[in-house]
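Data first, discussion second: the structure below is written as structure tokens.
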Amino acid sequence: MAEKFEELARVVRQEEIATDIYSLWIATEQIAAHAKPGQFVSLYCNEGSRLLPRPISICEIDRENGGLRLVYRIAGEGTREFSNLCAGAQVKVVGPLGNGFVLQKKRAFLIGGGIGIPPMLELAKQLDCEKQIVLGYRDRELFLEEEFEAYGDVFVATEDGSEGTKGNVLDAIRAHGLHADVIYACGPAPMLRALKEYAAENGIECWISMEERMACGIGACLACVCRSKEKDAHSNVKNKRVCKEGPVFRAEEVEF
Amino acid sequence: MDMSVDLCGVKLKNPVMTASGTFGSGEEYSEFVDLNRLGAVVTKGVANVPWEGNPTPRVAEVYGGMLNAIGLQNPGIDLFIERDIPFLKKFDTKIIVNVCGHTTEEYVEVVEHLSDQPVDLLEINISCPNVKEGGIAFGQNPQMVEEITREIRRHAKQPVIMKLSPNVTDITEMARAAEAGGADALSMINTITGMKIDIHRRCFALANRTGGMSGPAVHPVAVRMVYQSAQAVSIPIIGMGGIMTAEDAIEMILAGATAVSVGTANFTNPRVTEEIIDGIKSYMERYRVESLKELVGAVHER
């Protein structure tokens, strides 16, 4: 069993990198040392009326200095509270959680959509293969895209066409005539659904990172399940826990 | 100093247990909590066959609480007996299995399967607000509470705790009915039915539309119901509902609870059960309480 740690992490720095999107570096003793790309952490609010931890994907891991980078969007009062954390502040964090991506040496697509982009950055750093990184945004307000350039060829799609290919990540893949042997993806459900179909049509291995409302974050409460094709060994029904068996699944093993 | 309590002839090393559905069968939390320290682990509800539960989203946060509508997803009694009970047997804690069903027959089937198992107590969930049949349907009518309690009592080898719903006009009516049916103990409160609406998308926050509310915001309701029921019946009561701290647990005990269950607080702090045990111990030291039993129902007028 992968080890999990509860820590009071120190905020190293935080900045807003796009409207309502924040980049937060925290110093942790154990979590950074054990984290893998595609895993997430639970961040706990200081305000006592907010009881549930917020699951946030890991964007970068700095093992040397024991640092974790979290890039998140303000989605409510909890994430708004996090956005006010300044250097030196403390925040309770539990992790690393979930399974993470299985790294392979195949020509790869790394595909991120919106706030699904951050976890692809650490994956891009750690994957040792030919990488084509396809990022989907709403409009020209891009984030992280320049940081990906060190790790592979970056292609951008925007919904309004103000930057890169007009449309979604698959439109960008087709517009540039790109091909790969494995897909790693994180983003909104419609994007993941389209990629699942694309992968099946092209006979490509496809790994997707799923999102669901969570409570405990460690597999006990059964809040964050997704439908699975086969009966799951733990649940004994066709449900898998996103926080435990996931968040990364083989596209064909989940139905959404 | 003696923190132990007697629950229907079962001696708990301390009064702190886990609330059903928030702690699985303990495996996940055993990475954070030493299960040996707990008075008992109360498992997630288990039925005669596997249940898939409700569609997602199944949870939503509200001010000072949360709503859940998991829908009693569970692996069924066979896998539970094969996997979950042996896991819990490795620890020096008491095992309380929470039982759910759609019909009396389904509850009885689970209870019979458990008759030869190393389980200390049974907690019967007749109060889940999130399943259409069974659950709360049994818990809102005193006659049905009495009948199902009697039927389960007739088949059960272990002491039977009936878990009551707060979604009733008079909790003491249900408490008396369960006692009349032969319940060995009561636990209360299950969650309070609630609803949350996402005003930006103008949709229900939960796929099930309604969900059960838990968390510190419901604590005073739970304390009141435990107090009223303790006045009405002579069987022990396990108090739960929004216990976040040792102070909350002590309040519940003073209201009349013999033991307490900690639920939603596990999500806020995975180590909270141990912290509550330590906090109760400090309270007993501070006020020179020799035995925890002295505190049960010890509330009085100002």
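A short reminder: the numbers here are calculations on the coordinates, not readings from a lab. Quantities reported herein were computed from a predicted structural model and do not represent experimental measurements. Glycine also receives a Cβ, built like all others from the backbone with ideal geometry; neighbour counts cover every protein chain displayed.
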Gap separating the Cα centres of the range B:257-284 and the range A:1-77, nearest whole Å: 27 Å
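With a ≥ b ≥ c the root eigenvalues of the C-alpha gyration tensor of the range A:108-211, is it rounded (a/c under 1.5), prolate (a/b larger than b/c) or oblate? Don't skip to the answer; put the middle values down first.
Numbers: a/c = 1.35, a/b = 1.10, b/c = 1.22.
Taking the square roots of the gyration eigenvalues as a ≥ b ≥ c, the range A:108-211 is rounded.
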Computed [θ] at 222 nm, deg cm²/dmol, chain B (DSSP H ≥ 4; -39,500 (n - 2.57); rounded to nearest 500): -8000 deg cm²/dmol
Whichever lysines have a C-alpha closer than 21 Å to that of B:Lys13, once near sequence neighbours (fewer than 8 apart) are set aside: B:Lys89, B:Lys90, B:Lys94, B:Lys281, B:Lys293
Eligible aspartates and glutamates near B:Lys44 by straight Cα distance, threshold 12 Å, same-chain separation 8 or greater: B:Glu27, B:Asp84, B:Glu123
D_trans [Stokes-Einstein, Kirkwood Rh over alpha-carbon pairs] for the range A:5-97, 10 °C, 1.306 mPa s, µm² s⁻¹: 123 µm²/s
12 Å beta-carbon shell around B:Gly211, net charge (K/R +1, D/E -1): +3
Fully extended contour minus Cα-Cα distance, from B:Lys11 to B:Glu247, at 0.36 nm per residue: 82.7 nm
DSSP bridge pairs, the protein assembly as shown: antiparallel proportion in percent, nearest 5: 50 percent
Options A:Ala189, A:Gly167, A:Ala223, ranked by Cα towards positive dipole end of chain A, top entry (Cβ charges): A:Ala223
Sum of -39500 (n - 2.57) over DSSP H runs of 4+, divided by residues of chain A (222 nm, nearest 500): -4500 deg cm²/dmol
Whether the range A:60-163 is rounded, prolate or oblate, judged on the alpha carbon gyration tensor where a/c under 1.5 counts as rounded: oblate
For chain A, built as a Gaussian network whose Cα springs stay under 10 Å, the top-fluctuating residue of A:Arg193, A:Arg174, A:Arg80: A:Arg174
Taking the C-alpha atoms of chain B, convex hull volume expressed per residue in Å³: 125 Å³
Gyration tensor (alpha-carbon) shape descriptor, chain A, a/c threshold 1.5: oblate
16 Å Cα-Cα reach of A:Lys92 towards lysines, excluding residues that sit fewer than 8 places from it in its own chain: A:Lys4
Estimated FRET transfer efficiency (B:Glu285, A:Asn202; beta-carbon r; R0 60 Å; 0.05): 0.30
All-pairs alpha carbon distance profile, the protein assembly as shown, 10 Å steps from 0, percent: 4, 18, 27, 24, 15, 9, 4, 0
Residues A:Val41, A:Val154 arranged by fewest to most Cβ contacts within 10 Å: A:Val154, A:Val41
Sum of side-chain charges, B:Leu67 neighbourhood, beta-carbon under 11 Å (Lys, Arg +1; Asp, Glu -1): +3
For A:Phe101, A:Phe256, order by how many other beta-carbon atoms lie within 10 Å, fewest first: A:Phe256, A:Phe101
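Add +1 for every Lys or Arg and -1 for every Asp or Glu among the other residues with Cβ under 9 Å from the Cβ of A:Ser83, and state the total. Spell out each step's value before the answer.
Details: positive: A:Arg80; negative: A:Glu16, A:Asp20, A:Glu81.
My count for the surroundings of A:Ser83 gives -2.
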